[in-house]
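Asker: Sharing a structure below in structure tokens format, with a few things to ask.
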Amino acid sequence: MTKKILIATTLLAVVVGLTLFAGGPLSGSWSGKIVINPDPFSFAEVSSIIAVNYAVGGFVAASSSEFALTGFIWQGFGVTGTLGAFNAQGNLLFGASTADFIYDQLIVTTSIAGIDFGFYAAQLSDAVLQGPADGFAVRLAGNAGVLDIVSIAEFGAQVEDAEDDNFNGITIYHAATGLHKHYVTNPLVVGQGFTGEKVTVSGWSFGCVEDIATTLYMTCHGFDFLRFELSAIETGIDWLNFDVDLMFQLQTKTLVVTPTINLGKSTCIDVYAELITDPAVMTSITGIGIYGLGFTTSFGNVTVKDLTVLNTSWYAITTPEYGTKIEEIAEALKDGHEFYPDYWELISIEVVGDGCCGGSSTFLANTYFNKNETALFGWGMTHIEVTIPINSMIFLSGQVEVDTSGLDHIGFGFEVGW
């Protein structure tokens, strides 16, 4: 089965390639970026991406070529479209520098009589650390009254679930450059026997609990976990609610209680809170701790954001690539998110406006403050990004980063669309 999928996807990529040269309405972009470290002088990053799209009938074929300082890194092909009642998506990734097949994915979805159907298949080659692996999964989703029911049968693959960090797709890394690709279908084993079944029932309420979701996960080895997620539990205090995540496994039980502090719809302050428990008696809650504060406001085309981490031993601010948010350090390490361990506060100003020649211009300045600094403000680093349109299809960009030791790096970039 997996060989057939690979052959079909490869043939599809060949057809796409031939189509691209057959003439017709092409669209796409070419972007590049250079980042320089001044002392000592070196290139921290040299990258370029050429993306080409071609629309034919109800389908869009795509080609993506990525280059870095070390050479031609990845060549990807993709196709998305609709055929009758079916939506289809195919992805194919090659490691161009080593001429290796890396990954392929096929997704077919449809809706029949109120039931959503999805077929997810993928392969990972032995050129990747986790490989070789292959498999597929079948997803069924529907409603029974007020209840939402989702069933995913796994035959060697898992499907990404935005509500469950244990099912987060697959991220493929290029070790030499740190570049990465993310896909929703994660092949786990060689061969396609039954490997797991996950059933989630959500949408029902009970008493003071507005939303309850239950997830049962079974593998070919038997019971794996049973999870109960209770959202927006009322406490009788207008400004305080709780979310509860209770998971049972064969020999362990995990309970996570997250307090939600509601300051009203008109406020622009986010409160990051956690429960404080007695280490000697884990079932004893001694209070609520606030480990971070967030402030966001906009006026006109200007947005001002402030993040403050109060517990820097356990929490940190992620980098712009990963959302510029306060996240638990253990969770960031688990998910591969980059963060700033030395900064406890961020002040950000972003300005978005119309360019003089079409398109939008942006200005972003992030200023971070050092948690170990004893001076009055403890400035640690400032990161500035600017994007300027030459016209509606050509953009120039620049960035500069300065810390306490001086100029850290400077970068230039461009993007040309057609």
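The values are calculated or read from the model by the stated rules, or taken from the named source; none is laboratory data. Everything numeric in this text was worked out from a predicted model, so none of it was measured. Methodologically, a virtual Cβ is constructed for each residue, glycine included, from the backbone with ideal geometry; neighbour enumeration extends over all protein chains shown.
Asker: Would you pick out the residues in the stretch 187-198 that are within 30 Å of Leu246 (Cβ to Cβ) and touching a Phe, Trp or Tyr at 6+ places or on another chain (Cβ under 8 Å)?
Answerer: Phe194, Thr195, Gly196, Glu197, Lys198
Asker: On to the next question. Could you tell me whether Gly353 is farther than 22 Å from His180 by Cα and either at pLDDT below 95 or part of a strand (DSSP E or B) (or both)?
Answerer: Considered against the rule, which asks whether it is farther than 22 Å from His180 by Cα and either at pLDDT below 95 or part of a strand (DSSP E or B) (or both), Gly353 comes out as yes.
Asker: Could you look through the stretch 89-122, keep only residues that are at positive phi and among the aliphatic types (A, V, I, L, M), and pick out the one that is surrounded by the fewest Cβ atoms within 10 Å (Cβ to Cβ)? So that I can check it myself, show each step before the final result.
Answerer: First, pick out the residues of the stretch 89-122 that are at positive phi: 99, 113-114.
Add one more test, that the residue is among the aliphatic types (A, V, I, L, M), and what stays is 99, 113.
Working: Ala99: 10, Ala113: 5.
Across the stretch 89-122, the extreme among qualifying residues is Ala113.
Asker: Taking Glu328 as the residue in question, decide whether it is closer than 17 Å to Asp270 by Cβ, touching a residue at least 24 places away in the same chain (Cβ under 8 Å), acidic (Asp, Glu) and surrounded by 15 or more Cβ atoms within 10 Å (Cβ to Cβ).
Answerer: When the stated conditions are applied, Glu328 does not pass them.
Asker: Just to be sure, is Ser405 farther than 22 Å from Phe43 by Cα, of a type in the set (Ser, Thr, Tyr) and at pLDDT below 90?
Answerer: Taking the combined requirement at face value, the residue does not satisfy it.
Asker: A follow-up question, please. Among Ala316, Ala365, which is over 26 Å from Ser64 (Cβ atoms), in contact with a helix residue (DSSP H, G or I) (Cβ under 8 Å, 6 or more places away or on another chain) and free of Cβ contacts under 8 Å to residues at least 40 places away in the same chain?
Answerer: Ala316
Asker: Go through the stretch 310-345 residue by residue and tally those that are part of a loop (DSSP other than H, G, I, E, B) and within 14 Å of the chain's Cα centre (by Cα). Steps first, please.
Answerer: Pass one, the stretch 310-345, residues part of a loop (DSSP other than H, G, I, E, B): 310-314, 319, 323-325, 336-338, 341-342.
Among the residues that remain, those that are also within 14 Å of the chain's Cα centre (by Cα) are: 319, 323-325, 336-338.
Number of matching residues: 7.
Asker: Give the stretch 113-140 a look and list any residue that's under 23 Å from the mean Cα position of the chain (by Cα), closer than 28 Å to Trp204 by Cβ and without any contact (Cβ under 8 Å) to a residue 40 or more places away in the chain, or say none.
Answerer: Val138, Arg139
Asker: While we're here: Filtering the stretch 35-88 down to residues that are among the hydroxyl-bearing types (Ser, Thr, Tyr), under 23 Å from Ser397 (Cα atoms) and within 27 Å of the chain's Cα centre (by Cα), which residue is surrounded by the most Cβ atoms within 10 Å (Cβ to Cβ)? Steps first, please.
Answerer: Start the filter on the stretch 35-88 by keeping residues that are among the hydroxyl-bearing types (Ser, Thr, Tyr), which leaves 42, 47-48, 54, 63-65, 70, 80, 82.
The next check asks that each one be under 23 Å from Ser397 (Cα atoms); those that pass are 42, 47-48, 64-65, 70.
Then keep just the ones that are within 27 Å of the chain's Cα centre (by Cα); that gives 47-48, 64-65, 70.
Values: Ser47: 17, Ser48: 17, Ser64: 19, Ser65: 16, Thr70: 11.
Only one residue tops the list, namely Ser64.
Asker: Another question, if that's okay. Inside the stretch 346-385, can you point out the residues that are under 23 Å from the mean Cα position of the chain (by Cα) and farther than 19 Å from Asn301 by Cα?
Answerer: Leu346, His383
Yes/no matrix, rows are residues, columns are (1) at pLDDT 90 or above; (2) of a type outside the set (A, V, I, L, M); (3) out of contact with any Pro (no Cβ under 7 Å at 6 or more places or on another chain):
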{"residue": "Val302", "(1), (2), (3)": "yes, no, yes"}
{"residue": "Leu333", "(1), (2), (3)": "no, no, yes"}
{"residue": "Phe339", "(1), (2), (3)": "yes, yes, yes"}
{"residue": "Glu345", "(1), (2), (3)": "yes, yes, yes"}
{"residue": "Ile384", "(1), (2), (3)": "yes, no, yes"}
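Asker: Which one is surrounded by the fewest Cβ atoms within 10 Å (Cβ to Cβ), of the residues in the stretch 142-186 that are more than 18 Å from Ala122 (Cα to Cα), in contact with a Phe, Trp or Tyr (Cβ under 8 Å, 6 or more places away or on another chain) and hydrophobic (A, V, I, L, M, F, W, C)?
Answerer: Per the criteria, the residue is Val146.
Asker: Another question, if that's okay. Name the single residue, out of those in the stretch 155-205 being among the aliphatic types (A, V, I, L, M) and part of a loop (DSSP other than H, G, I, E, B), that is farthest from Asn143 (Cα to Cα).
Answerer: Applying the first criterion (among the aliphatic types (A, V, I, L, M)) to the stretch 155-205 yields 157, 159, 162, 170, 172, 175-176, 179, 184, 188-190, 199, 201.
Now restrict to residues that are part of a loop (DSSP other than H, G, I, E, B): 162, 175-176, 179, 184, 188, 190.
On the way: Ala162: 19, Ala175: 44, Ala176: 47, Leu179: 40, Val184: 23, Leu188: 30, Val190: 34 Å.
Per the stated criteria, the residue is Ala176.
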